[in-house]
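Following: one structure in structure tokens, then a few remarks.
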Amino acid sequence: MSSIPHDRVADPAAGHGYGHDDHAHHPSGIMRWITTTNHKDIGTLYLWFSFIMFIAGGCLALTIRTELFQPGLQIVEPEFFNSLTTLHGLIMIFGAIMPAAVGFANWQVPLMIGAPDMAFARMNNWSFWLLPFAASLLIGSFFVPGGAAAGGWTLYAPLSVEAGMGMDLTIFAVHIMGASSIMGSINIITTILNLRAPGMTLMKMPLFVWTWLITAYLLIAVMPVLAGAVTMLLTDRHFGTSFFNAAGGGDPVMFQHIFWFFGHPEVYIMILPSFGIVSTIIPTFSRKPLFGYASMVYATSSIAILSFIVWAHHMFTVGMPAAGQLFFMYATMLIAIPTGVKVFNWLATMWRGSMTFETPMLFAIGFIFLFTMGGFTGLVLAITPVDIQLQDTYYVVAHFHYVLVAGSLFAFFGGVYYWIPKWAGRMYNETLGKWHFWLSMIFFNITFFPMHFLGLAGMPRRVPDYAVQFTDWNQVATVGAFGFGLSQLVFLYVVLDCIRNGKPAPARPWEGADTLEWTLPSPAPYHTFETPPHVA
Amino acid sequence: MKPATTQQPLRTGDATRSANVRTGLILGSIALVFFGGVVYAHYAGESTLGMSVLGFAIVGFLAVAIGRNLRQ
């Protein structure tokens with residue numbers, strides 16, 4: 001993709017033809033946010049909601065780490081500890097990471113393809129406003145008799161069949177969040193397929209849009225499977241069926257198969273949009289086109305398709321024929337190939353580029369470094385005999401936090417710093433942004449790297465107490481977790497300071513940025529691309 | 001990407017809206033069939049066959065949908 005020739009675009013400062021703010025008639029105050037059908041408003045709602053849930057899930061994590069600061073039981077009962085780990089996972093996955101990705105899609109997909117808004121604007125509003133109710137059910141489940149769900153975010157039967165009322169609330173919350181995700185995905189796919197600006201073929205789309213197109217397909221394919229699984233769970237609990245009850249002829253292992261048929265693509269649902277963000281940031285700050293654009297598209301598609309045939313690597317210890325173990329082991333390792341293509345292309349994009357290291361670029365590079373480490377430990381876990389040793393140890397906890405915190409979260413932070421000049425019309429404080437990056441980078445590794453050692457030494461996950469030999473590294477991890485949590489307050493300050501006091505941002509604050517949103521003035525007008533641009 | 005100064009209208013509003021509704025309904029029906037299919041497959045005791053058929057159906061739709069758009 002080539003850069004936008006700026007002599008061919010009207011003067012952004014004068015408010016050129018693509019942005020129209022003069023007829024932005026919409027309610028003010030809270031009704032604006034409740035009734036809005038504008039993709040930018042809804043994107044903002046998603047992003048703030050996800051940050052609030054990130055803080056909520058983070059508080060649960062800090063409580064977990066406080067309990068684990070030393071062996072023995074300190075501050076919470078074991079049953080409550082199990083609820084903390086369960087809700088931490090559910091809130092972070094369904095409340096923080098996924099809504100954040102949808103927030104980016106809402107803001108950026110229409111702007112990047114030259115569409116005036118999302119295809120189904122009212123459904124877009126509905127998709128978002130389902131989420132606070134689902135979140136209320138999840139968090140409210142702490143206060144019902146029996147407490148919140150405590151069987152892990154995987155909700156494995158038969159434990160979940162026998163759990164208390166908190167499980168019912170969790171099931172309803174999962175249903176609602178699933179419905180929200182499916183509606184959002186339908187909206188995104190329809191927008192991308194039908195509302196692209198004239199001249200923008202699929203192979204001219206920015207990679208962020210491609211990754212979201214594929215992510216949305218994944219969501220439509222697997223969220224109904226999760227909904228089906230928890231519906232069967234619900235009928236087992238209350239309507240006398242025995243889908244997962246061995247005493248009634250059911251099969252509890254089948255729940256695991258269905259869950260992970262959803263669960264593994266879900267991992268890619270959380271990471272593919274991050275790939276898209278990183279693939280946007282790196283060319284910008286390398287001042288070069290993305291290396292191997294077509295291969296990036298095909299690699300993303302390959303990852304998505306392969307994600308459907310690897311689910312049982314999560315359950316090697318459940319027991320399966322040797323042929324099954326070998327199939328899932330090799331299929332899992334196969335994913336390293338398209339993932340390696342991506343990492344290679346990012347590095348090749350930077351190679352001999354005129355690189356500068358603003359905060360978005362720092363987060364993108366941090367993402368590559370840490371995600372690659374998480375990918376490598378994933379390969380280790382894909383090896384069946386090794387996985388059987390490491391199943392349910394802290395090695396697994398370290399692995400997926402390297403993938404999802406350093407992967408998804410770092411890319412999202414990079415994305416916020418990259419696009420906030422366009423969203424808010426103001427520049428953030430670069431010095432504080434860099435502080436945020438380095439504090440996050442250092443404390444993240446202090447928190448999660450020792451967990452590799454703990455896991456290799458045999459410390460099991462989801463336990464409030466542990467053998468004394470694990471104390472030292474647990475204390476290090478707890479100190480790191482509090483440092484990482486406090487570092488996010490820097491991020492909150494930077495964002496609020498940018499919105500209130502930041503210097504006015506130009507239309508294109510990044511020299512190497514070449515996608516359509518940078519042809520608009522900053523902040524992007526309330527209505528944009530009502531007359532679509534023609535992409536040559 | 002090179003946005004030219006000349007701006008061209010998209011399809012008419014009605015045509016775009018119809019196309020959107022058509023795409024949305026197809027995608028929604030996939031989700032519904034997948035949801036019902038998973039439950040029915042287990043209810044009927046043919047889970048492997050049911051999930052395989054549905055899996056191929058959705059991958060097929062994905063291939064056709066993207067393939068049709070690839071050269072537009």
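The values are calculated or read from the model by the stated rules, or taken from the named source; none is laboratory data. A quick note: this is a predicted structure, and the numbers were derived from the prediction, not measured. Note that we place each Cβ from the backbone using ideal geometry, even for glycine, and neighbour counts take in every protein chain shown. Only protein heavy atoms, including side chains, enter the accessible area calculation; ligands, DNA and RNA are left aside. Shrake-Rupley method; radii C 1.70, N 1.55, O 1.52, S 1.80 Å.
Return the total of residues in segment A:398-436 being open to solvent by 10 Å² or more (accessible area, probe 1.4 Å), under 11 Å from the mean Cα position of the chain (by Cα) and without any contact (Cβ under 8 Å) to a residue 60 or more places away in the chain.
Residues meeting the conditions: 1.
Of all residues in segment A:525-534, which are surrounded by 24 or more Cβ atoms within 10 Å (Cβ to Cβ) and farther than 18 Å from residue A:196 by Cα?
Selection gives nothing.
Of all residues in segment A:322-335, how many are crowded, with 16+ Cβ neighbours inside 10 Å and under 14 Å from residue A:381 (Cβ atoms)?
6
Does segment A:231-240 include one or more residues that are among the charged types (D, E, K, R) and either in a helix (DSSP H, G or I) or more than 13 Å from chain B (Cβ to nearest Cβ) (or both)?
As a first pass, look at segment A:231-240 and keep what is among the charged types (D, E, K, R): A:236-237.
So of that shortlist, the ones also either in a helix (DSSP H, G or I) or more than 13 Å from chain B (Cβ to nearest Cβ) (or both) come out as A:236-237.
Looking for residues that are among the charged types (D, E, K, R) and either in a helix (DSSP H, G or I) or more than 13 Å from chain B (Cβ to nearest Cβ) (or both), one finds at least one in segment A:231-240, hence yes.
So the check is Cβ under 7 Å with 6+ separation or different chains; which pairs have a first residue in segment A:522-536 that's more than 18 Å from residue A:204 (Cα to Cα) and at the interface with chain B (Cβ under 9 Å from one of its Cβ atoms) and a second one that's open to solvent by 30 Å² or more (accessible area, probe 1.4 Å) and aromatic (Phe, Trp, Tyr)?
Hits for this filter: zero, empty list.
Could you please tell me which pairs satisfy a Cβ distance under 9 Å, a separation of 6+ or placement on different chains, a first residue in segment A:453-470 that is touching a residue at least 24 places away in the same chain (Cβ under 8 Å), and a second residue that is in a loop (DSSP other than H, G, I, E, B) and β-branched (Val, Ile, Thr)?
Taking only residues 6 or more apart or on different chains, the pairs are A:464/A:76.
Determine which single condition residue A:394 fails, assuming it passes every other condition in (1) surrounded by fewer than 20 Cβ atoms within 10 Å (Cβ to Cβ); (2) over 22 Å from residue A:94 (Cβ atoms).
Evaluating residue A:394 over (1) surrounded by fewer than 20 Cβ atoms within 10 Å (Cβ to Cβ); (2) over 22 Å from residue A:94 (Cβ atoms) leaves (1) as the failure.
Need pairs with beta-carbon distance below 7 Å; first residue touching a residue at least 12 places away in the same chain (Cβ under 8 Å) and within segment B:22-34, second surrounded by fewer than 19 Cβ atoms within 10 Å (Cβ to Cβ); sequence gap 6+ or separate chains.
Filtered contacts from segment B:22-34: B:30/B:61.
Could you look through segment A:118-136, keep only residues that are assigned to a loop (DSSP other than H, G, I, E, B) and open to solvent by less than 30 Å² (accessible area, probe 1.4 Å), and pick out the one that is farthest from the other protein chains (Cβ to nearest Cβ)?
First, pick out the residues of segment A:118-136 that are assigned to a loop (DSSP other than H, G, I, E, B): A:118-120.
If we keep only those that are open to solvent by less than 30 Å² (accessible area, probe 1.4 Å) as well, we get A:118-119.
Values: A:118: 10, A:119: 4 Å.
If we take residues in segment A:118-136 being assigned to a loop (DSSP other than H, G, I, E, B) and open to solvent by less than 30 Å² (accessible area, probe 1.4 Å), then A:118 is farthest from the other protein chains (Cβ to nearest Cβ).
Test residue A:206 against the stated conditions and say whether it is under 28 Å from the mean Cα position of the chain (by Cα) and within 11 Å of chain B (Cβ to nearest Cβ). Working first, answer last.
Working: under 28 Å from the mean Cα position of the chain (by Cα): yes; within 11 Å of chain B (Cβ to nearest Cβ): yes.
For residue A:206, the condition - under 28 Å from the mean Cα position of the chain (by Cα) and within 11 Å of chain B (Cβ to nearest Cβ) - is met.
So, residue A:199, is that one open to solvent by 10 Å² or more (accessible area, probe 1.4 Å) and in contact with a strand residue (DSSP E or B) (Cβ under 9 Å, 6 or more places away or on another chain) or not? Can you show your working first?
Values: open to solvent by 10 Å² or more (accessible area, probe 1.4 Å): yes; in contact with a strand residue (DSSP E or B) (Cβ under 9 Å, 6 or more places away or on another chain): yes.
Yes: the conditions hold for residue A:199.
Considering A:283, A:289, which residue is within 20 Å of residue A:415 (Cβ to Cβ), out of contact with any His (no Cβ under 8 Å at 6 or more places or on another chain) and part of a helix (DSSP H, G or I)? Steps first, answer last, please.
Numbers: A:289 fails: part of a helix (DSSP H, G or I).
Only one candidate qualifies: A:283.
Please go through segment A:380-391 and give me each residue that is buried (at least 16 other Cβ atoms within 10 Å of the Cβ) and over 21 Å from residue A:323 (Cβ atoms), ordered by number.
Restricting attention to segment A:380-391, the residues satisfying the condition of being buried (at least 16 other Cβ atoms within 10 Å of the Cβ) are A:381-384, A:387, A:390-391.
If the condition is that a residue be buried (at least 16 other Cβ atoms within 10 Å of the Cβ) and over 21 Å from residue A:323 (Cβ atoms), then A:390 is the only one that fits.
Being away from chain B (no Cβ under 12 Å), open to solvent by 10 Å² or more (accessible area, probe 1.4 Å), assigned to a helix (DSSP H, G or I) and not polar (S, T, N, Q) is the requirement here; does residue A:268 meet it? First the steps, then the outcome.
Numbers: away from chain B (no Cβ under 12 Å): yes; open to solvent by 10 Å² or more (accessible area, probe 1.4 Å): yes; assigned to a helix (DSSP H, G or I): yes; not polar (S, T, N, Q): yes.
Criteria met by residue A:268.
Return the only residue of A:355, A:333 being in a helix (DSSP H, G or I) and either within 14 Å of another protein chain (Cβ to nearest Cβ) or in contact (Cβ under 8 Å) with a residue 24 or more places away in the chain (or both). First the steps, then the outcome.
On the way: A:355 fails: in a helix (DSSP H, G or I).
Within the list A:355, A:333, the selection yields A:333.
Of all the residues that make up segment A:453-466, how many are under 16 Å from residue A:66 (Cα atoms) and either open to solvent by 50 Å² or more (accessible area, probe 1.4 Å) or not basic (Lys, Arg) (or both)?
Restricting attention to segment A:453-466, the residues satisfying the condition of being under 16 Å from residue A:66 (Cα atoms) are A:461-466.
From what's left, either open to solvent by 50 Å² or more (accessible area, probe 1.4 Å) or not basic (Lys, Arg) (or both): A:462-466.
Residues that pass the stated criteria total 5.
Assess whether residue A:482 counts as being modelled with pLDDT of 95 or more, open to solvent by less than 60 Å² (accessible area, probe 1.4 Å) and either assigned to a helix (DSSP H, G or I) or hydroxyl-bearing (Ser, Thr, Tyr) (or both). Give the derivation first.
On the way: modelled with pLDDT of 95 or more: yes; open to solvent by less than 60 Å² (accessible area, probe 1.4 Å): no; either assigned to a helix (DSSP H, G or I) or hydroxyl-bearing (Ser, Thr, Tyr) (or both): yes.
Judged against the criteria, residue A:482 is not a match.
Could we say that residue A:115 is at pLDDT below 95 and within 14 Å of chain B (Cβ to nearest Cβ) here? Before the answer, list the steps.
Values: at pLDDT below 95: yes; within 14 Å of chain B (Cβ to nearest Cβ): yes.
Yes: the conditions hold for residue A:115.
It is to be established whether one or more residues within segment A:209-230 are open to solvent by 10 Å² or more (accessible area, probe 1.4 Å), farther than 30 Å from residue A:353 by Cα, within 13 Å of chain B (Cβ to nearest Cβ) and touching a residue at least 40 places away in the same chain (Cβ under 8 Å).
yes
Residue A:471 - would you say it is hydroxyl-bearing (Ser, Thr, Tyr), open to solvent by 10 Å² or more (accessible area, probe 1.4 Å) and out of contact with any Cys (no Cβ under 9 Å at 6 or more places or on another chain)?
Working: hydroxyl-bearing (Ser, Thr, Tyr): yes; open to solvent by 10 Å² or more (accessible area, probe 1.4 Å): yes; out of contact with any Cys (no Cβ under 9 Å at 6 or more places or on another chain): yes.
Yes: the conditions hold for residue A:471.
I'm checking my understanding of the structure. Among residues of segment A:336-354 that are β-branched (Val, Ile, Thr) and surrounded by 14 or more Cβ atoms within 10 Å (Cβ to Cβ), which one is nearest to residue B:61 (Cα to Cα)?
We begin by selecting, within segment A:336-354, every residue β-branched (Val, Ile, Thr); these are A:337, A:339, A:341, A:343, A:349.
Now narrow it down to the ones that are surrounded by 14 or more Cβ atoms within 10 Å (Cβ to Cβ): A:339, A:341, A:343, A:349.
Working: A:339: 24, A:341: 26, A:343: 29, A:349: 33 Å.
Checking each candidate, the answer is A:339.
Take segment A:485-504 and flag every residue that is of a type in the set (Phe, Trp, Tyr) and open to solvent by less than 100 Å² (accessible area, probe 1.4 Å). Explain how you work it out, then say what you get.
Taking segment A:485-504 first, the residues of a type in the set (Phe, Trp, Tyr) are A:491, A:493.
Result: A:491, single match.
Taking the condition buried (at least 17 other Cβ atoms within 10 Å of the Cβ), in contact (Cβ under 8 Å) with a residue 12 or more places away in the chain and assigned to a helix (DSSP H, G or I), does residue A:155 pass?
Details: buried (at least 17 other Cβ atoms within 10 Å of the Cβ): yes; in contact (Cβ under 8 Å) with a residue 12 or more places away in the chain: yes; assigned to a helix (DSSP H, G or I): no.
When the stated conditions are applied, residue A:155 does not pass them.
How many residues does segment A:296-321 hold that are out of contact with any His (no Cβ under 6 Å at 6 or more places or on another chain) and open to solvent by 20 Å² or more (accessible area, probe 1.4 Å)?
Adding up the residues that qualify gives 14.
Identify, from the list A:139, A:186, A:97, the residue that is within 14 Å of chain B (Cβ to nearest Cβ), of a type in the set (A, V, I, L, M, F, W, C) and open to solvent by 10 Å² or more (accessible area, probe 1.4 Å).
Values: A:139 fails: within 14 Å of chain B (Cβ to nearest Cβ); A:97 fails: within 14 Å of chain B (Cβ to nearest Cβ).
The unique qualifying residue is A:186.
Give me the pairs, please: first residue somewhere in segment A:108-137 and within 28 Å of residue A:522 (Cα to Cα), second residue anywhere and among the β-branched types (Val, Ile, Thr) and open to solvent by 30 Å² or more (accessible area, probe 1.4 Å), beta-carbon distance under 6 Å, and either six or more positions apart or on two chains.
Between residues of segment A:108-137 that are within 28 Å of residue A:522 (Cα to Cα) and residues that are among the β-branched types (Val, Ile, Thr) and open to solvent by 30 Å² or more (accessible area, probe 1.4 Å), the close pairs are A:121/A:37; A:122/A:37; A:125/A:37.
Mind listing just one residue for me: the one in segment A:57-84 that is within 22 Å of the chain's Cα centre (by Cα) and open to solvent by 30 Å² or more (accessible area, probe 1.4 Å) and, of those, farthest from residue A:416 (Cα to Cα)?
A:62
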